[in-house]
Amino acid sequence: MTPIVKAFFDPATNTVSYLVQEPEGTACAIIDSVLDFDHASGRTDTSSADQIVAYVRDNDLRVEWILESHVHADHLSAAPYLQQELGGKIGIGEQIVTIQDTFGKIFNEGTEFQRDGSQFDALFQNGDSFHVGQMRGDVLHTPGHTPACLTYVIGNAAFVGDTLFMPDFGTARCDFPGGSSEQLFESIQKILSLPDETRIFVGHDYKAPGRDEFAWETTVGEQKALNVHIGQGKTIEEFVEMRDARDATLPMPRLILPSLQVNMRAGQMPPADEKGNVYLKVPINKL
């Protein structure tokens, strides 16, 4: 089955969100939404998410799932806002509990912060399936970038989050807590074992040098042949050496501190104080 895929590109974070619709029906899923956040002022805005809301309403679609490929470190999720406006269940990988435990400690969240994934409506395991109307989706656990990364295979399309980028840009970093270049290599092999014609939709694009336009759709066959980090049969030893050396040169993402605190809560802000004020923490020398 070939789903209808509508991409929404956020230039502030280079994130691509997707609306995935059954080809003959109105059911759809939203993958990796963005809540706009101005770091300097601490203000949020729903402009990016409102584009998705308008598209759903204009086309009389029915949202069944709001899916996260992982706990993003570079943008805040708009999942609760979209659920409020459009309905649907919020899903993520079951290893969110590992992320919650790790970053619950880093942000000193205390015992009131639940570390069991209960903020989400569904926790997926490798091999699980779900439906978007008459269209089946299958779940691949693809850790390496983070322990909780998933790839959603819906019909002939695979939504890989940050695991793979466009072939001329390569692969995800693995230096966040719980990341592993060895695991990422094995996860990419899972994705590359799909049929060559499988469409791959990536979670970000940064326009590789020499490319004029942003892009986010490729195929398994193109990734095998052309990916600058993993293509043409690179060995795990070659990949790990390259990936670890490259990661050692990368700065932390600009929005990592607010993103993690919000996204590990399924897009909700930390609890407000007695006056209704909400605060985000800045741990010193922890990342």
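The values are calculated or read from the model by the stated rules, or taken from the named source; none is laboratory data. This structure is a prediction, so every number in the text was calculated from the model and none was measured. Ideal geometry is used to build each Cβ from the backbone, glycine not excepted, and the neighbour counts take in all protein chains shown.
Things worth noting here:
- Candidates Asp38, Asp32, filtered to the one that is of a type in the set (D, E, K, R), within 24 Å of Phe103 (Cβ to Cβ) and in contact (Cβ under 8 Å) with a residue 60 or more places away in the chain: Asp32
- The residues listed here are Thr218, Thr249; of these, the one that is hydroxyl-bearing (Ser, Thr, Tyr) and either within 20 Å of the chain's Cα centre (by Cα) or under 15 Å from Val160 (Cβ atoms) (or both) is Thr218.
- Within the option set Ala29, Ala49, being of a type in the set (Gly, Ala, Ser), in a helix (DSSP H, G or I) and either under 14 Å from the mean Cα position of the chain (by Cα) or surrounded by 21 or more Cβ atoms within 10 Å (Cβ to Cβ) (or both) holds for one residue only, Ala49.
- All positions within the stretch 184-193 that are surrounded by fewer than 20 Cβ atoms within 10 Å (Cβ to Cβ) and either over 24 Å from Gly127 (Cβ atoms) or in contact (Cβ under 8 Å) with a residue 24 or more places away in the chain (or both): Glu186, Lys190, Leu192
- Test result for Thr44, assigned to a loop (DSSP other than H, G, I, E, B) and at pLDDT 95 or above: no
- Of the numbered criteria (1) under 28 Å from Leu140 (Cα atoms); (2) surrounded by fewer than 19 Cβ atoms within 10 Å (Cβ to Cβ); (3) in contact with a helix residue (DSSP H, G or I) (Cβ under 6 Å, 6 or more places away or on another chain), the one Ala73 fails is (2).
- All of Ile191, Ile200, Ile230, Ile256 fail the test of being under 20 Å from Leu35 (Cα atoms) and not polar (S, T, N, Q), apart from Ile256.
- Of all residues in the stretch 178-232, those that are over 26 Å from Pro3 (Cβ atoms), in a loop (DSSP other than H, G, I, E, B) and among the hydroxyl-bearing types (Ser, Thr, Tyr) total 1.
- Consider the stretch 158-183 and keep the residues that are at negative phi and among the small types (Gly, Ala, Ser). The one that is surrounded by the most Cβ atoms within 10 Å (Cβ to Cβ) is Ala172.
- Applying the criterion of being assigned to a strand (DSSP E or B) and touching a residue at least 60 places away in the same chain (Cβ under 8 Å) to the residues of the stretch 138-160, the residue that is nearest to Leu260 (Cα to Cα) is Leu150.
- Taking the criterion of being more than 19 Å from Leu255 (Cβ to Cβ) and polar (S, T, N, Q), the residues of the stretch 1-41 that qualify are Thr2, Gln21, Thr26.
- Of all residues in the stretch 241-275, those satisfying the criterion of being closer than 26 Å to Asp121 by Cβ, out of contact with any Pro (no Cβ under 8 Å at 6 or more places or on another chain) and either assigned to a loop (DSSP other than H, G, I, E, B) or modelled with pLDDT under 95 (or both) are Leu255, Met264, Arg265, Met269, Pro270, Pro271, Ala272.
- For the stretch 4-26, filtered to residues that are in contact (Cβ under 8 Å) with a residue 60 or more places away in the chain, out of contact with any Lys or Arg (no Cβ under 9 Å at 6 or more places or on another chain) and part of a strand (DSSP E or B), the residue that is nearest to Leu86 (Cα to Cα) is Ala7.
- One residue alone among Gly267, Gly276, Gly210, Gly233 is in contact with a Ser or Thr (Cβ under 7 Å, 6 or more places away or on another chain) and on the phi > 0 side of the Ramachandran plot, and that residue is Gly267.
- Checked against the criterion of being hydrophobic (A, V, I, L, M, F, W, C) and either more than 17 Å from Asn14 (Cα to Cα) or touching a His at 6+ places or on another chain (Cβ under 9 Å) (or both), the candidates Val202, Val240 yield just one match: Val240.
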